[in-house]
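Coordinate-derived values only; no laboratory data. Because the structure is a prediction, the values reported are computed rather than measured. Positions of Cβ are backbone-derived with ideal geometry, glycine not excepted, and every protein chain shown enters the neighbour counts.
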Amino acid sequence: MRILVTAGPTREYLDDVRYLSNASSGRMGYAVVEAAVAAGHEVVLVTGPVDLPPPRGCEVHAVETTAEMRAAAVEAFPHCDGVVAAAAVCDYKPVERVAGKMAKTGQPITIGLIETDDVLAELGRTKAGRWVVGFALEAENPRENALQKLRRKNCDWIVLNGPAAIGSADNDVQLLDTSGTTIAHWAGTKIDIARQLVTWIESRPN
């Protein structure tokens with residue numbers, strides 16, 4: 001198979017030096033890449049900025065903003081069999097990016113935000129015969145929110161995990177299908193979970 005994987009965070013700049021982002025380490029997505037390559041698959045990695053070396057044996061597209069991740073993923077997806085969307089995309093961006101560096105004034109400031117492109121939803125909307133595995137990191141009503149995300153973004157399956165996964169080498173996940181059934185539950189290192197996920201994808205029901 002040829003698999004697209006998105007990983008890491010994205011950044012949305014307030015000015016030329018400050019940005020909105022999140023604490024995603026990219027470890028889960030990179031582990032999926034390594035597991036898929038080890039299993040003999042071709043992998044296209046679209047990665048936000050992380051402190052990890054690019055996995056060997058894959059095609060790498062390094063991006064920074066959500067728009068850049070969307071463009072790279074949308075271009076690669078038609079040439080792949082499916083996508084594992086593990087990236088933690090920044091949901092909002094400033095209405096305007098200030099040129100240079102904003103100076104302190106001693107007064108409160110207000111920053112207007114708008115939603116960024118929904119990368120996973122676009123991939124789900126254009127998947128045709130390809131499969132889509134999304135990721136949902138949820139703190140409140142986790143199962144309900146993950147299922148809403150799965151259906152809203154037209155995923156085939158979604159991996160549910162919690163805030164403890166951020167920056168950790170370990171994870172505890174459930175794999176949910178469109179009926180809301182938990183079809184797998186894996187706990188351990190992200191590397192071990194990635195291997196089990198890739199093995200499941202290889203044997204997934206048609």
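Stokes-Einstein D for the stretch 1-148 at 10 °C, 1.306 mPa s, Kirkwood Rh over Cα pairs, in µm²/s?
Diffusion coefficient, whole number: 97 µm²/s.
S168 versus T182, label points 7 Å from Cα toward the beta carbon: distance in nm?
Modelled inter-label distance: 1.5 nm.
Size of the dipole of the chain about the Cα centre, Lys and Arg at +1 and Asp and Glu at -1 on the beta carbon, nothing else charged, in debye to 20?
Magnitude of the dipole: close to 100 debye.
What list of ³J(HN,Hα) values in whole Hz, one per residue of the stretch 185-195 in order, does the Karplus curve 6.51 cos²θ - 1.76 cosθ + 1.60 (θ = phi - 60°) give from phi, with Gly and Pro shown as x?
Per residue, the Karplus-derived 3J(HN,Hα) values read 9, 10, 9, x, 6, 4, 5, 5, 5, 4, 4 Hz.
Roughly speaking, what is the stretch gain from S21 to D81, that is 0.36 nm per residue apart minus the C-alpha to C-alpha distance, in nm to one decimal?
Once the chain is fully extended between S21 and D81, it gains 18.6 nm.
Return the FRET efficiency for the residue pair S203, E115: r is the Cβ-Cβ distance, R0 is 35 Å, and the value is rounded to the nearest 0.05.
0.45
Using only the Cα atoms of the stretch 1-82, construct the convex hull and provide its projected area averaged over every direction, in square nanometres to one decimal.
5.3
Given the DSSP H assignment, sum -39500 (n - 2.57) over each helix run of at least 4 residues in the chain and divide by its residue total; what's the result at 222 nm in deg cm²/dmol, nearest 500?
-8000 deg cm²/dmol
Per residue of the stretch 35-43, in order, report the coupling 6.51 cos²θ - 1.76 cosθ + 1.60 (Karplus, θ = phi - 60°) as ³J(HN,Hα) in whole Hz, putting x for Gly and Pro.
Per-residue couplings from phi come out as 5, 5, 4, 4, 7, x, 8, 7, 10 Hz.
In nm, give the distance between the simple-model label positions of R152 and A38, each being 7 Å from the Cα along the Cα-to-Cβ direction.
For R152 paired with A38, the spin-label model returns 3.5 nm.
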